[in-house]
Amino acid sequence: MGAAPGTSPGGAKRRPFGPWAASCSPPAVVLLAGLWHGTDGCGQWGERDDTRTGWGIAIAALVAGGALGFAVAAVQEDDSPPVTIGAQQPAESVVPKTRAGRVDAWTAELKRAGKELPKGWEVLTTDEIRERYLHQRIVNAPAAEDIDPDMGRPAGG
């Protein structure tokens, strides 16, 4: 049979050790080790039965399996496609910032459309000129059919 409670297998009296000696509430690592070695972590030796051994083996297998899984995941190569980087966006807006620059850009877009500045454009605010310039750029943008004439055709036909 096993040793008496509170004694080592040789019969010597055992005392708790470490920072938990006063409260006898050892950390989880000591409890896990105690399951393996047949103690409760406070120096109390009990009978080493199959239940404790079974729990110790189960916990050791769980820890080893987790470590193995982590090692395999760390070494495994990533099969996802490489990340592509799009074209660099301009640091500044292509819309002119000054009133004179916006008027010049608006005039150029109107000339592309075969138009002229409307009468009374001088009273427009700088933001209104910007809005009209951007609107004219959108109106002057090529249609999809101009870019790719086959775009409206079904894929199979």
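The values are calculated or read from the model by the stated rules, or taken from the named source; none is laboratory data. As the structure is a computational prediction, the values presented were derived from the model and not from experiment. Just the protein is used for accessible areas: all its heavy atoms, side chains included, with ligands, DNA and RNA removed. Shrake-Rupley method; radii C 1.70, N 1.55, O 1.52, S 1.80 Å.
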Self-check item: Gyration tensor verdict on segment 61-128 (Cα atoms; rounded if a/c is under 1.5, prolate if a/b is larger than b/c, oblate otherwise)
Solution: prolate
Quiz item: For segment 75-89, in order, what is each residue's ³J(HN,Hα) by Karplus, 6.51 cos²θ - 1.76 cosθ + 1.60 with θ = phi - 60°, in whole Hz (x at glycine and Pro)?
Solution: 8, 5, 7, 7, 8, 6, x, x, 6, 9, 10, x, 4, 5, 6
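Taking 0.36 nm per residue of sequence separation and subtracting the Cα-Cα distance, how much length would be gained by fully extending the chain between Ile147 and Phe70, in nm to one decimal? If you can, show how the numbers build up before the last one.
Values: separation 77, 0.36 × 77 = 27.72 nm, distance 5.25 nm.
22.5 nm is the gain from fully extending Ile147 to Phe70.
For Thr84, Thr98, give me the order by solvent-accessible area with a 1.4 Å probe, most accessible first, ignoring ligands, DNA and RNA.
Working: Thr84 120, Thr98 85 Å².
Order by accessible area, largest first: Thr84, Thr98.
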Exercise. Whenever you get a sec, line up Trp106, Trp55, Trp121 from highest to lowest accessible area (probe 1.4 Å, protein heavy atoms).
Key: Trp55, Trp121, Trp106
